[in-house]
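The values are calculated or read from the model by the stated rules, or taken from the named source; none is laboratory data. Keep in mind that what you see is a predicted model, and the values were worked out from it rather than measured. Backbone-built Cβ (ideal geometry, glycine too); neighbour counts: all protein chains shown. Remember, those area values only see protein heavy atoms, side chains included, never the ligands or the DNA or RNA. Shrake-Rupley method; radii C 1.70, N 1.55, O 1.52, S 1.80 Å.
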Amino acid sequence: MRIWCFDCFTDEEEEGRLKQSAMDNNNNNNNDDDVDLDLNQRELGVSEDERWPMCEEMMRAATEEEEEDGTELEQLWSSEIRSHPHLVLQGESSNAAAAAVGEDCTMEEADHDSYHKRAKVYSGLAEGRSASGVSSDAGSSVERTVSFGVASSSRTDVDMFCQNFILNYGRKDGKKDEGDDNGSSESEDFEVHIDLTDDLLHMVFSFLNHIDLCRSAMVCRQWRVASSHEDFWKALNFENMRISIEQFEDMCLRYPNATEVNVYGTPSVNALAMKAATTLRNLEVLTVGKGHISENFFQALGECNMLRSVTVNEAILGNGAQEIHLSHDRLRELKITKCRVMRLSIRCPQLRSLSLKRSNMSQAMLNCPLLQLLDIASCHKLLDAAIRSAAISCPQLESLDVSNCSCVSDETLREIAQACASLHILNASYCPNISLESVHLPMLTVLKLHSCEGITSASMTWIANSPALEVLELDNCNLLTSVVLHLSRLQSISLVHCRKFTELNLQSVMLSSITISNCPALRRITITSTSLRRLALQKQENLTTLVLQCQSLQEVDLSDCESLSNAVCEIFSDDGGCPMLKSLILDNCESLTEVRFSNSSLASLSLVGCRAVTSLELKCPRIEQICLDGCDHLETALFQPVALRSLNLGICPKLSVLNIEAPYMVSLELKGCGVLSEASIICPLLTSLDASFCGQLRDDCLSATTSSCPLIESLVLMSCPSIGSDGLSSLNGLPNLTVLDLSYTFLMNLEPVFKSCIRLKVLKLQACKYLTDSSLEPLYKEGALPALEELDLSYGTLCQTAIDDLLACCTHLTHLSVNGCVNMHDLDWGSTNVQPFDYFGVYSSGETTREPAEAANRLLQNLNCVGCPNIRKVLIPPAARFYHLSTLNLSLSVNLKEVDLACSNLILLNLSNCCSLEVLKLGCPKLASLFLQSCNMDEAGVEAAISRCCSLETLDLRFCSKISSVSMARFRAVCPSLKRGWKLRLPGVGDKVWVEDKDSAWVAGDVLDSPGNKVHVETSAGNQVFVSSEKLFRRDPDEEERNGVDDMTKLTYLHEAGVLYNLQRRYALNDIYTYTGSILIAVNPFKKLPHLYNGYMMEQYKGAPFGELSPHVFAVSEVAYR
């Protein structure tokens, strides 16, 4: 008997080629009649002509399903094929084994492998299929070698595993052969078995699928035998494989106890199905399809006594125009789907489930008294009478699917209801002729009526006569106007795309799921249920009335229900019908104006986009989250009490009255509440309060807040001009206050701050222009605020002396910002006429000098002097002892000429846009980043400056006109640690540029040459000019080919010349609007453009995302409105 690999089936042409290849190889390599091939002849009994007709094609067929999963494994095997061109299965006779070992490896290596119990896995494949025998020197034994070839250059995962398949030359019972004349019965594979017991191996293999079993077969002989056990081959799946009748017959003989067979999509599906039905006496499950199935097949099924399930899919039964008879006494499940047949007659007394879905037949005669499930969906040729006859012949029917059978009528349903008293499930979707009038289905539990044009409100009367109903689906019933049902067992209802549906009234104790969507006419909903936990009614634009009595309801989503009125708040209060409500979403409910909730269970509330809400009152002691984005008109907010931990009301610019009682709140943001005048904040755990730009906030409000919130650590009062000395004096009630921001206020006296805020660490006084020079004297004369670390005096009017004294005496400062201070002059810590006391806060003399550790109390780390126009010189010598200074920012100091620094720990120095800088001396061994953008220093000056910066990694020299791009190599030679250097490349020959022109502002040009810093340019007018590189702007290469871009951020180079040219091109096309990101630029057309402002154009921009359509003022208006 021939033993076939599970996936080794080939088509006839390929099989013939492989046979011929094997025969040619065999004839060329061995003409000895005494050669006995173990796998070919002795064990399998295969003739020489048919030695290797298997493996590869079936592998390729199965590849269609395994191709993706096997990609990695295929790559591995491909590499192994290249490195090991032959696969060798060695015999075990003593002489042959010794000869083989002597030729391929030493005996010591073989013994070593045996000692460590390593399994020998075959990893090589030969060039062609052949079987050759090579006799030993003595001629008394044979070394048997089997080689499997690669059928094509494109190998697949299934090809690989089939080459490794069992090819089991042991018997089914696992016994060894008796041997042959050469004594090979006593020999075994020269492979060491994996050290597992047979029982354990059997248990492990029971978890593998067929493909993995085939792969396991090549590990060792023990695995090969174990993987071929018939327990693992009860199900033979040949779906969509090219398997011949002979091959299939051999597999059936090999595994006669197989219980499942799938020959769907095989070339000879009818013959294979017949063979399975007549050969496998234990067959229980059979799947066929994709081809012609003869009537003989159905007759043969009667002989399969063990058959339980048959599936026929996508087939032509008989000749397509004859009646097919099927009779079987034990069949329980039958599926004949997507098949073409004239008439079908089925007699199966034990049949429980029958599916004829999408089969093309005109008559179905059933004799199945025990049938429980009948599916005849989409059987378009079945007439109403045929459906009625088929269904009423099954008195035990429990589930019936007649969906998409347009001929079904109410009369048919009435007779079915009378004949099938146990009917539980009915799917009559897409049946336009039914209305359920006089249809009584008392046992019905599931009813699906999708797209039934005859279902109206009157149909609900008959549906209500099904007290056991649990699931009801009424999607796309366009004539349905109302649903009123009182069904105690109803659990789920679906109403989607019911255009005329206006009212829903449900009463069910067990109702747990409601799906309502796209019902534009729905106005009233009444629901009574004790099991409903979640209710979602999004986008019901006309819903005005909602009545809920749902004791278990926890989540409600009413987003975009624009017509809901303030009365909805009563439903979700404690006196309403939802006592366990936890989450409520009312986003974009634009009709809500006053929201009041008193709910002891509510934990989350969302009012996003409720722009009409002016008053909000919450008495929800368990609420932890609230979202008010888009509530632009909120004027009054009362939270008493709430469990909120944080709250942002900065998005409510019209808020004027605020009362908060939140025992757990730690963060409150009121930024931008410019009209807030009354605020009662009772939050005993509050640590952060941001009241920036609360221009109406007064001293009494601040005093009350500090009294009720004693744990505040951070207080921001930026741009609160109404706060005065009385309010600041109340800060003594905040013992933990460490951050105070009084920027942009009208303060003139800081004495209350110095007395009240002893532990203050951060003080921000930006743009406090009314502070005088003496305002900060307590800091550097009286030692006020001893814990102060960060001080921001940016954009103030303090004089140079006050700043010098502050720098000299406040040695505990770590961060100091004096950005934009016009009175800030030279920072010269090397002046000879200044005593050390003035700058270090300590005395020293020429005879005695303190050690650095003694002056280590100067802790300044960060000094910012950005945009100080009067600074001309910055000198910090070693004697200044700035041991902790790590960041110095002097950018935009346009008059700065000299910088001389000796700071041992300075890491970052920013001198960008210091266009007057001439001298730069750096003694900063730890400097890592140096920014010199738009500075006019030459190469020699920069080279000298960085020569002593041995840790410099980043050097930014962009827009430095005196430094060329080739200089970066010199700088790296001077400073080897340099890793990143930026210098814009000068325009090269052929580059497109913009050249400044006195008449046209800018003209296009092409670079002809770039000698030094001068660039030779030919303009579009034909003129040749020499221009300094810093006066050129690069031009987009394709700028002239296109008619401008609608968003100028799409330009490669965004600068004045590019912007003006782009606007000019669009203006010429009457495109007067252009984006720059989110900014709209409009150019006056000086003429009427009516097509831009008509009603059609306005409708186009309604609801359109910004940037999706062409630039227009309507787009900006839409964003502003939304």
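Looking only at region 946-960, decide whether some residue is surrounded by 16 or more Cβ atoms within 10 Å (Cβ to Cβ) and of a type in the set (Gly, Ala, Ser).
no
Looking only at region 796-831, filter to residues that are of a type outside the set (S, T, N, Q) and either under 46 Å from the mean Cα position of the chain (by Cα) or in a strand (DSSP E or B) (or both); which one of those is surrounded by the fewest Cβ atoms within 10 Å (Cβ to Cβ)? Quick ask: steps written out before the conclusion?
Taking region 796-831 and keeping what is of a type outside the set (S, T, N, Q), we get 796, 798-799, 802-810, 812-813, 815-816, 818, 820-822, 824-830.
Checking the rest, the ones that are also either under 46 Å from the mean Cα position of the chain (by Cα) or in a strand (DSSP E or B) (or both) come to 815-816, 818, 820, 827-828.
Working: His815: 16, Leu816: 21, Val818: 25, Gly820: 19, Leu827: 24, Asp828: 18.
Going through the qualifying residues, I end up with His815.
Pick from Leu436, Leu383: which is among the aliphatic types (A, V, I, L, M) and more than 23 Å from Gln372 (Cβ to Cβ)?
Unique residue meeting the criteria: Leu383.
Out of all the residues in region 510-529, which are in a strand (DSSP E or B), among the polar types (S, T, N, Q) and open to solvent by 10 Å² or more (accessible area, probe 1.4 Å)?
Residues satisfying the conditions are Ser513, Thr515, Ser517, Thr526, Thr528.
Across region 897-918, which residue is farthest from the chain's Cα centre (by Cα) among those that are assigned to a strand (DSSP E or B) and within 11 Å of Arg872 (Cβ to Cβ)?
Only one residue fits best here, namely Glu898.
Please count how many residues of region 595-605 are touching a helix residue (DSSP H, G or I) at 6+ places or on another chain (Cβ under 7 Å) and in a loop (DSSP other than H, G, I, E, B).
Number of matching residues: 0.
Looking at region 848-868, can you tell me whether even one residue there is modelled with pLDDT of 80 or more, out of contact with any helix residue (DSSP H, G or I) (no Cβ under 9 Å at 6 or more places or on another chain) and of a type in the set (Val, Ile, Thr)?
Yes, there is a match, as at least one residue in region 848-868 is modelled with pLDDT of 80 or more, out of contact with any helix residue (DSSP H, G or I) (no Cβ under 9 Å at 6 or more places or on another chain) and of a type in the set (Val, Ile, Thr).
Looking only at residues that are open to solvent by less than 10 Å² (accessible area, probe 1.4 Å) and aliphatic (A, V, I, L, M) in region 341-364, which one is farthest from Glu314 (Cα to Cα)?
Leu351
Going by the conditions given, is Thr1052 open to solvent by less than 70 Å² (accessible area, probe 1.4 Å) and either modelled with pLDDT of 90 or more or out of contact with any Phe, Trp or Tyr (no Cβ under 8 Å at 6 or more places or on another chain) (or both)?
no
Would region 721-736 turn up any residue that is out of contact with any helix residue (DSSP H, G or I) (no Cβ under 8 Å at 6 or more places or on another chain), on the phi < 0 side of the Ramachandran plot and crowded, with 17+ Cβ neighbours inside 10 Å?
The answer is no; no qualifying residue exists.
Which residue, of Cys652, Cys627, Cys620, Cys631, is in contact with a His (Cβ under 9 Å, 6 or more places away or on another chain) and not aromatic (Phe, Trp, Tyr)?
After applying the criteria, what remains is Cys652.
Considering every residue within region 1066-1077, establish whether at least one is more than 33 Å from the chain's Cα centre (by Cα) and polar (S, T, N, Q).
Within region 1066-1077, one or more residues are more than 33 Å from the chain's Cα centre (by Cα) and polar (S, T, N, Q).
So Val1059 clears everything in (1) surrounded by 15 or more Cβ atoms within 10 Å (Cβ to Cβ); (2) hydrophobic (A, V, I, L, M, F, W, C); (3) under 30 Å from Asn588 (Cα atoms) except one condition, right? Which one?
Checking Val1059 against (1) surrounded by 15 or more Cβ atoms within 10 Å (Cβ to Cβ); (2) hydrophobic (A, V, I, L, M, F, W, C); (3) under 30 Å from Asn588 (Cα atoms), the one that fails is (3).
Residues checked against (1) at pLDDT below 95; (2) within 23 Å of Leu586 (Cα to Cα); (3) touching a Pro at 6+ places or on another chain (Cβ under 7 Å):
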| residue | (1), (2), (3) |
| --- | --- |
| His633 | yes, yes, no |
| Leu638 | no, yes, no |
| Cys652 | yes, yes, no |
| Leu655 | yes, yes, no |
| Val666 | no, no, no |
| Lys671 | yes, no, no |
| Val675 | yes, no, no |
| Glu678 | yes, no, no |
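Residues being open to solvent by 50 Å² or more (accessible area, probe 1.4 Å), part of a helix (DSSP H, G or I) and of a type in the set (Gly, Ala, Ser): count how many of those fall in region 1106-1122.
Residues that pass the stated criteria total 2.
For region 574-594, how many residues are assigned to a loop (DSSP other than H, G, I, E, B) and open to solvent by 20 Å² or more (accessible area, probe 1.4 Å)?
Initially, region 574-594 is screened for residues assigned to a loop (DSSP other than H, G, I, E, B), giving 574-582, 586-593.
Applying the additional criterion that residues be open to solvent by 20 Å² or more (accessible area, probe 1.4 Å) yields 574-576, 579-580, 582, 587-588, 590-591, 593.
Summing the residues that are assigned to a loop (DSSP other than H, G, I, E, B) and open to solvent by 20 Å² or more (accessible area, probe 1.4 Å) in region 574-594 gives 11.
Scan region 744-765 residue by residue and report those that are touching a strand residue (DSSP E or B) at 6+ places or on another chain (Cβ under 6 Å) and basic (Lys, Arg).
Result: Lys764, single match.
Restricting to region 1088-1105, give me the number of residues that are under 30 Å from the mean Cα position of the chain (by Cα) and loosely packed, with under 15 Cβ neighbours inside 10 Å.
3
Just checking, which of Ser722, Ser680, Ser774 is assigned to a strand (DSSP E or B) and either touching a residue at least 40 places away in the same chain (Cβ under 8 Å) or not aliphatic (A, V, I, L, M) (or both)? I'd like the intermediate steps shown before the answer.
Details: Ser722 fails: assigned to a strand (DSSP E or B); Ser774 fails: assigned to a strand (DSSP E or B).
Among Ser722, Ser680, Ser774, only Ser680 is assigned to a strand (DSSP E or B) and either touching a residue at least 40 places away in the same chain (Cβ under 8 Å) or not aliphatic (A, V, I, L, M) (or both).
Go through (1) within 25 Å of Gln350 (Cα to Cα); (2) modelled with pLDDT under 95 and name the single condition Lys335 misses.
Of (1) within 25 Å of Gln350 (Cα to Cα); (2) modelled with pLDDT under 95, only one is false for Lys335: (2).
Out of Cys550, Cys561, report the one residue that is under 14 Å from Arg611 (Cα atoms) and surrounded by 22 or more Cβ atoms within 10 Å (Cβ to Cβ).
Selected residue: Cys561, the only one of Cys550, Cys561 that is under 14 Å from Arg611 (Cα atoms) and surrounded by 22 or more Cβ atoms within 10 Å (Cβ to Cβ).
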